[in-house]
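> To start, I am sharing the structure in question, which I have written as structure tokens.
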Ligand SMILES: [Mg+2]
């Protein structure tokens with residue numbers, strides 16, 4: 001990486017979890033914190049609780065419910081928003097995110113958050129970090145009715161926030177989202193190498209890879 005030519009880029013679309021923010025929070029939350037509380041609540045062993053919860057996750061993977069705080073609150077009988085607050089100290093931006101956003105802002109390119117996260121998660125994350133200050137708009141797939149993995153999401157987004165496919169940069173950590181964006185016709189796509197800094201970096205072949213936001217700080 002990478003041959004990002006900023007003179008071709010007029011608009012910047014950014015994913016939140018795993019892209020601007022370290023996915024460690026979400027991974028820890030869903031893989032450890034939620035199963036622990038679910039086990040306690042249902043009087044199950046942690047192992048059984050994890051098994052049951054992961055099966056529930058599998059059933060809604062790639063749908064809006066997967067990302068929906070209200071869905072999980074009802075499904076599990078746990079106050080998901082409250083549980084998130086308990087581990088909110090783990091919410092953190094990736095290195096050089098703020099420097100990157102400040103530099104893009106200076107060039108006057110619109111910066112749009114494009115996320116599958118539920119509004120309650122977005123609010124919590126913006127309270128705990130600084131990136132929200134630099135955004136021109138926040139688009140949640142929950143408002144559009146389709147997740148970013150589907151072509152419908154991008155069609156719908158085009159109607160509420162018209163953008164030029166040839167001049168819009170999308171940075172995301174999800175390969176299924178990036179594949180949907182490529183099929184829709186995006187010309188400038190970057191995949192985040194290491195969404196969760198506590199996990200080993202991924203091997204990626206299909207898209208230009210972003211190792212660090214320090215690599216793509218624009219100067220004009
Ligand atoms: Mg993501």
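Taken together, the values in this text are just the output of simple stated rules run on the coordinates, not laboratory data. Keep in mind that what you see is a predicted model, and the values were worked out from it rather than measured. Using ideal geometry, Cβ is built from the backbone for each residue, glycine included, and neighbour counts are taken over all protein chains shown.
> Any chance you could give the angle, 0 to 90 degrees and rounded to 10, that helix 46-60 forms with the longest Cα principal axis of the chain?
50 degrees
> Using Cα-Cα distances under 8 Å and only pairs 6 or more residues apart, what relative contact order does the chain have, in percent?
Reported as a whole number, the value is 30 percent.
> Using only Cα atoms and rounding to the nearest 10 degrees, what angle (0 to 90) does helix 119-128 make with the longest principal axis of the chain?
Between the helix axis and the principal axis of the chain, the angle is about 80 degrees.
> Another question, then. Summing -39500 (n - 2.57) over the DSSP H runs of n ≥ 4 in the chain and dividing by its residue number, what mean residue ellipticity at 222 nm do you reach, to the nearest 500 deg cm²/dmol?
My calculation for the chain gives -11000 deg cm²/dmol from helical runs alone.
> Shifting gears a bit: Report the gain in length on full extension from residue 219 to residue 8: 0.36 nm times residue separation, minus Cα-Cα distance, nm rounded to one decimal.
Contour length minus Cα-Cα distance gives 74.6 nm.
> What ranking of 143, 136 emerges when the number of other C-beta atoms within 10 Å of each C-beta is taken as an exposure proxy, fewest first?
Exposure proxy ranking, most exposed first: 143, 136.
> In which sequence would 205, 172, 22 go, from the one with the fewest C-beta neighbours within 10 Å to the one with the most?
205, 22, 172
> If you fit an axis through the alpha-carbon atoms of helix 151-160 and take the longest principal axis of the Cα set of the chain, what angle between them do you get, 0 to 90°, nearest 10?
The helix 151-160 is inclined about 60 degrees to the chain.
> Sticking with this structure for a sec: Show log10 I(q)/I(0) for segment 54-95 at q = 0.19, 0.22, 0.27 Å⁻¹, two decimals, from a solvent-free Debye sum over equal Cα scatterers.
The Cα Debye sum returns log10 ratios of -0.68, -0.82, -0.95.
> I've got another one for you. Rounded to whole Å, give me the distance from the Cα center of segment 1-67 to that of segment 129-165.
Taking the Cα centre of each part, segment 1-67 and segment 129-165 sit 19 Å apart.
> Right, another one. With a ≥ b ≥ c taken as the square roots of the eigenvalues of the C-alpha gyration tensor of the chain, please select rounded if a/c is under 1.5 and otherwise prolate if a/b is larger than b/c or oblate if it is not?
Prolate, since a/c reaches 1.5 and a/b exceeds b/c.
> Please compute the length gained on full extension between residue 193 and residue 167, using 0.36 nm multiplied by the number of residues separating them and subtracting their Cα-Cα distance.
Value of the extension gain: 7.1 nm.
> I need the Debye-formula profile for segment 25-89: one equal scatterer per C-alpha, no solvent, reported as log10 I(q)/I(0) at q = 0.30 1/Å, two decimals.
-1.53
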